[in-house]
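We did not get these values from a lab; they are worked out from the coordinates using the rules stated. Everything numeric in this text was worked out from a predicted model, so none of it was measured. Every residue, glycine among them, receives a Cβ derived from its backbone with ideal geometry; neighbour counts consider all protein chains shown.
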Amino acid sequence: MPLALLALAISAFGIGTTEFVMMGLLPNVADDLGTSVPTAGYLVSAYALGVVIGAPLLTSLGARIPRKRMLVLLMGVFTVGNLASALASDFGLLIAGRLLAGLPHGAFFGVGAVVAAKLVREGRQARAVATMFLGLTIANIVGVPAATLLGQRLGWRATFLVVAGIGLVAMASLARLIPPLPVEEHTGLRRELRALGNRQVLLGLLTTVFGFAGIFAVYSYLASMMTKVTGFSEGSVPVVLALFGIGMTLGALAAGPLTDRALRPTLYGSLAALTVVLVVFHFTAEVKWAAMLSVVLIGAVGFMTTTPLQMLVMNKAQQAPTLAAASNQSAFNLANAGGAWVGGLALAAGWGWTSPTLVGAVLAAIGLAIAVTAGVLDRGSHDTSRVVARGGAVDASTSDAGQPAAEHAA
């Protein structure tokens, strides 16, 4: 794999750290700024809102900016947002800082996924994209726990200063390692928007919303399940969350080669496995070893969906995949918010602490049904477009000759 992928992974590590670390720092922030923990929870929502808004907005504005420069600029906005968060003097300014830090998230992964696919030869694009996302999963194992501990010991502002430092390192890595990648002649906002209207792209985005919502319906309340049902102490929760991160990493490592080999079967299999594992978790949550194994498996099969979903929308967007890839990140964050909301409804209804697992299983099953429907419709069409990395350019092909196994399997 090209060394340039390391720069993308470093950037993903920083983004993943700042996205999830706030959940562990809410009590510290609330105490310092004189607000309640539920109110401080809006800081998580502010970041997610930034992702949803920024993905299509910044991708559209940067449609004609060379990819390398665009990546550096996006990480610059990310760095400024985290620095603003560290220096915020009141809750309102911190909300603004979190919103600003979230704006480049989706656009970066959208542009980064296209760049990663260009850096490798045909047949290895999914592995390249998965390598970038590996930084995001490692952040959940190392970055988030370390940043949370730092914030608890030295204050939450220190955490965001360190993340801003990671942003600077990422900018330097991108500038040094990413080769010059000029904007393709066919790239433009109108073409990107037209590609986004492709039926297969829309079904892919819908699959992301429902399928990934199944994960966050459970992950959002995982700490409470582990303490109130499984019987773990509060001090053991970081270890349990780290197990989830390990599962995510294993899933990302497996997703790349599997997606390159057979895209849709990988997507179907991961969503089906997620549905089954969530149901099993509901009935085994009281057994510690079974619960821990389930947490790893949920992380693994859940995150195994990300690479095929990202590659699917990029492939079906034909010659303008960047906006579609960025919009998929907005879909992931909508899944985050929606899954947590639906899981919370089950808890509020008094269905028990493990009820979000069944809710998540239903959401994952809906995502699987949408994915299968999209696959059936796709077989009836002649659209075999895909992202191809040849000579540093993204091409579209409508010929069956030389078609990769991923599309044959689709």
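Rg over Rh for the chain works out to 0.96, using Cα positions for both radii and the Kirkwood form for Rh. Put simply, when 343-353, 146-156, 365-375 are sorted by average Cβ atoms within 10 angstrom per residue, most first, you get 365-375, 146-156, 343-353. Summarising the label geometry, the points placed 7 Å from Cα in the beta-carbon direction at S233 and M23 lie 2.3 nm from one another. Each peptide in 227-240, 328-341 was scored by the mean count of other Cβ atoms within 10 Å over its residues; highest first, the order is 328-341, 227-240. The smallest convex shape that holds all Cα atoms of the range 1-130, its convex hull, gives 103 Å³ per residue. Note that the range 292-365, at 4 °C in a medium of 1.567 mPa s, gets a Stokes-Einstein diffusion coefficient of 92 µm²/s from its Kirkwood radius over C-alpha pairs.
For the chain, lysine pairs with C-alpha atoms less than 25 angstrom apart, excluding pairs fewer than eight positions apart on the same chain, total 4. Spin-label model, R379 to V142: label points 7 Å out along the Cα-to-beta-carbon direction sit 4.4 nm apart. Pairwise Cα distances in the range 206-357 exceed 28 Å for 20 percent of all pairs.
Over the chain, dividing the summed -39,500 (n - 2.57) contributions of all DSSP H runs of at least 4 residues by the number of residues returns a 222 nm mean residue ellipticity of -26000 deg cm²/dmol.
Legend: P(r) of the range 245-290 from all alpha carbon pair distances, 5 Å bins from 0, whole percents, reading 5, 20, 19, 24, 17, 9, 6, 1. Applying 0.36 nm per residue to the separation of Q152 and E286 and subtracting their alpha-carbon distance, the gain on full extension is 45.2 nm. Of the peptides 26-34, 70-78, the ranking by mean beta-carbon count within 10 Å, highest at the top, reads 70-78, 26-34. Normalising the average separation of contacting C-alpha pairs (under 8 angstrom, six or more residues apart) by the number of residues puts the relative contact order of the chain at 24 percent.
Cα centroids of the range 202-250 and the range 70-140: 22 Å apart. Stretched out straight at 0.36 nm per residue, the stretch from R176 to V276 would grow longer than its current Cα-Cα span by 31.6 nm. Stretching the chain fully between V372 and A242 yields a gain of 43.6 nm (0.36 nm per residue, less the alpha carbon separation).
Rounded to a whole number, what is D in µm²/s for the range 63-143 from Stokes-Einstein with the Kirkwood radius over alpha-carbon pairs (20 °C, 1.002 mPa s)? It diffuses with D of about 152 µm²/s by this estimate. With r defined as the distance between the Cβ atoms of W351 and L3 and R0 fixed at 60 Å, what FRET efficiency is calculated, to the nearest 0.05? Here the calculated transfer efficiency is 0.75.
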